[in-house]
Amino acid sequence: MANFLRPTDLLLNKNRFSGTEVGLTHQLNPSFIRLCDNGDIEIMAAEGIGMIFHVANKSVTIVADSIKMVTRDDGLKWNDSHFNSNGSQWTEPALLKKDISEINGVFDGIEDFMDG
């Protein structure tokens, strides 16, 4: 038989770790890191600010009033394109194709750590 939880029970238990979940909580504020039973990872600084890594749909949810990122000019990438730092002008494209020779491979520089 299926076990259904009432929505109020879900809300009451969302701030509690299950018996098999692992994580850290701060004793003086609401921040926590939780490795959930379903494989998700929750990193929360307070109510309404944090990140959740969802295993089932392979996505990341960022919860915040505003998001600020600091990168080099070409530091923000989307697949094989990077965001154009001059893209705030309507005459400039928002995304620029990345030159394939500039892309670092996973194993680039590994020979520095190998014997021989």
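Remarks
Conditions tested, residue by residue: (1) among the β-branched types (Val, Ile, Thr); (2) over 14 Å from the mean Cα position of the chain (by Cα); (3) under 30 Å from Arg16 (Cβ atoms); (4) modelled with pLDDT of 80 or more.
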{"residue": "Ile43", "(1), (2), (3), (4)": "yes, no, yes, yes"}
{"residue": "Ala46", "(1), (2), (3), (4)": "no, yes, yes, yes"}
{"residue": "Ile52", "(1), (2), (3), (4)": "yes, no, yes, yes"}
{"residue": "Ser66", "(1), (2), (3), (4)": "no, yes, yes, yes"}
{"residue": "Arg72", "(1), (2), (3), (4)": "no, yes, no, no"}
{"residue": "Trp78", "(1), (2), (3), (4)": "no, yes, no, yes"}
{"residue": "Ser85", "(1), (2), (3), (4)": "no, yes, no, no"}
{"residue": "Pro93", "(1), (2), (3), (4)": "no, yes, no, yes"}
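- Annotation note: of Ile62, Ile49, the sole residue that is assigned by TED's automatic domain parsing to the domain that holds Asn29 and farther than 21 Å from Asp37 by Cα is Ile49.
- Restricted to the stretch 19-112, the set of strands (runs of 3 or more DSSP E) holding at least 3 residues that are in contact (Cβ under 8 Å) with a residue 12 or more places away in the chain, surrounded by 13 or more Cβ atoms within 10 Å (Cβ to Cβ) and out of contact with any Cys (no Cβ under 6 Å at 6 or more places or on another chain) comprises 32-35, 41-46, 49-54, 81-83.
The values are calculated or read from the model by the stated rules, or taken from the named source; none is laboratory data. None of these values were measured; they are calculated from a predicted model. Quick reminder, even Gly has a Cβ in these numbers, built from the backbone with ideal geometry, and neighbours come from all protein chains shown.
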